[in-house]
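Novice: What follows is a structure written as structure tokens; I'll ask about it next.
Computed from the coordinates by the stated procedures, all read-outs in this text should not be read as laboratory data. Owing to the predicted nature of the structure, the values given are computational and were not obtained by experimental measurement. Backbone-built Cβ (ideal geometry, glycine too); neighbour counts: all protein chains shown.
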Amino acid sequence: MVTMNQSIRFLRQLAAFGLGLVVSLLALIATPLLNAPAEAADSTGSSAPHLSFAAGTVSSGRVKAVTKDVEGKIQESIGKVTGDRGDRLAGTAKQAEAQVRHALEDVKDTTGLR
């Protein structure tokens, strides 16, 4: 017979595996694009890696912020499902870090420090 603790432990392991898989896939997709040599510096003279999309460019810092936010949301959800306060708090902390990273990227965009 499977106890409640064993079920919770299994769910945590499954969720942690899923979290690791998602983050690994994001890194796998983004890394080749971010490591590609810059064709030319942009108008500000910066050669920082950028991803080009239809809506504009996305810096590597912005990608890291989004990845950290997704990771935090997943970890917070795992904490809610399993009742683990530590996971909930760690997930919330990662989301706060992502907000700080986004704010830094906004400052860079506004001041043209790229």
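Novice: Taking the number of other C-beta atoms within 10 Å as the exposure measure, put R101, R85, R12 in order starting with the fewest.
Specialist: R85, R12, R101
Novice: Okay, next question. Tell me, what is the FRET efficiency for F10 and H102 to the nearest 0.05, using R0 = 35 angstrom and their Cβ-Cβ distance as r?
Specialist: Efficiency for this residue pair is about 0.50.
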